[in-house]
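Enquirer: There's a structure below that I have some questions on.
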Amino acid sequence: MTSIDLIRMGIKNLWRRKLRTFLTVLGVIIGTTSIIVMLSLGFGLSQSFENQIAQWGSLTTINVYPKWQDPSMPAGQKVNLDDKAVSAFKLIPNVSAVSPIVETYGAIINGRYVAQVPIRGIDPDVMEEFGFEIVEGRLLESSDELTVVFGGGIKQNFYDPNARIWREVKVDLMKDRMSLTLNPNYGYDVPGPNTPTYKEYKIKTAGVLNEENWDTSYAAYMPLHEVQKLIKEKEKAENIKPQPGQAKDQYQQINIKVNKIDNVQEVQQTIKDMGHEAYSLNDQLESMKNTAKIIQAVLGGIGAVSLLVAAIGITNTMVMSIYERTKEIGVMKVIGASLKDIRSLFLFESALIGLLGGILGVAFSFLISFIVNKFSGSFGNYFGLGPEAKLSIIPIWLVFAAMAFSALIGILSGYYPARRAMNLSALDAIRSE
């Protein structure tokens, strides 16, 4: 028998028992749909976690902090965040940019309105590399003096310290005239004989950052050397003197940009091996993804039960088919059909049931996924994932994997009935009614 004859005969046999074939295919559809939808919820959850973490900052940025060290440790053994450390970090493979960070707190003054904000000093040359996104104006330049780039959310921090009731303040960060002081109690302090005298600096606004990035939205950025100068003037006003043995020009933090997210863990471990504390949002993301994988495994297991029931249904259909077609099988053997042809016929029929159920199951999965995502906005807001979060994501590889797996399930389910058909005696089969 040729392959075309086997295909034609297999389709004809399934068509003769339309209702039974439909119910068997329906079982495969339900099983395939269950697995795809359950797995897609896990993929959607992982993607939502990643999108949520990305709002907190860059997933390819590593924050390096000073590691606590015993004060009695000899100076030569201490690991400092200084220019030497910056140079060492730049030599690490897969590191694309390095920026020291110094930070202090101050008050931005706009007439009678005040905003208490962190003032961060950064290397202007690498701001674009670190993903600072400007919505107005420009980024910092190395030659800027008393020039600030504001986070987009700072405009919400302005208030009137003398007002009895809170009122919404409208501030134009780009156009309004503003000044800066490092007085931590500005607007509330009562001058006394020992009160430090803080300078008030007139500042210029270079630009405003996108407020969707929570990591940069509520801080003011200035060139590194400018903030270092302001901190020294503040310490002078407060009469703060360096502690004995304290290293000079230490940075509070160093940010490191990695070229790819896949290399973050490796670079982070290298930094830890150098004796520093290193943290990245990937630490949080990996933990959340592990949780999503556990949920995905549980949901996938539930869907697999449905497909197992469908596999039993295919086996049952093919076994019943043998009883009904015993005489037909005997005739095929008598006229010269080989055992291989008989086995191929039954395996083709069971595989066709599995493949047809898989294809239709994929179609229904996309329909259910569309419906779930259509109404997932409220759930995304409730769980803090955002209104545009997709709860169900079906990758293209899952589509082909599901169809191939359902066809394989059909072949495995039809293997026992095919062997049973092969082992039937031709004479006994012909005599059967």
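Enquirer: What FRET efficiency, computed as 1/(1 + (r/R0)^6) with R0 = 22 Å and r the Cβ-Cβ distance, is obtained for Phe400 and Trp15, rounded to the nearest 0.05?
Expert: Approximately 0.25, to the nearest 0.05.
Enquirer: What order, most packed first, do the peptides 157-169, 88-100 have when packing is the mean number of other Cβ atoms within 10 Å of each residue?
Expert: 88-100, 157-169
Enquirer: What is the gain in length, in nm to one decimal, between Glu141 and Asn157 on full extension, counting 0.36 nm per residue of separation less the C-alpha to C-alpha distance?
Expert: 3.2 nm
Enquirer: Go through 277-289, 30-42 and give me the packing order, highest mean Cβ count within 10 Å leading.
Expert: Per-residue mean Cβ counts within 10 Å order the peptides as 30-42, 277-289.
Enquirer: A further question on this structure: What does the net charge come to around Met178 if you take all other residues with beta carbon closer than 13 Å to its beta carbon, with K and R at +1 and D and E at -1?
Expert: Cβ neighbours under 13 Å give a net charge of +3.
Enquirer: So what J values fall out for segment 285-294 if you push phi through Karplus, 6.51 cos²θ - 1.76 cosθ + 1.60 with θ = phi - 60°, rounded to Hz, Gly and Pro as x?
Expert: Result, rounded to whole Hz: 5, 4, 4, 5, 5, 5, 5, 5, 5, 5.
Enquirer: Apply the a/c threshold of 1.5 to the C-alpha gyration tensor of segment 61-259 and tell me whether it is rounded, prolate or oblate.
Expert: The shape class here is oblate.
Enquirer: Defining a contact as two alpha carbons under 8 Å apart and six or more residues distant in sequence, what relative contact order in percent does segment 191-317 show?
Expert: The value is 13 percent.
Readers should treat all values here as calculations from the given coordinates under stated rules, not as data from a laboratory. In this text the structure is predicted, and so the values were computed from the model without any measurement. Heads up, the Cβs are rebuilt from the backbone with ideal geometry, glycines too, and the neighbour counts pull from every protein chain shown.
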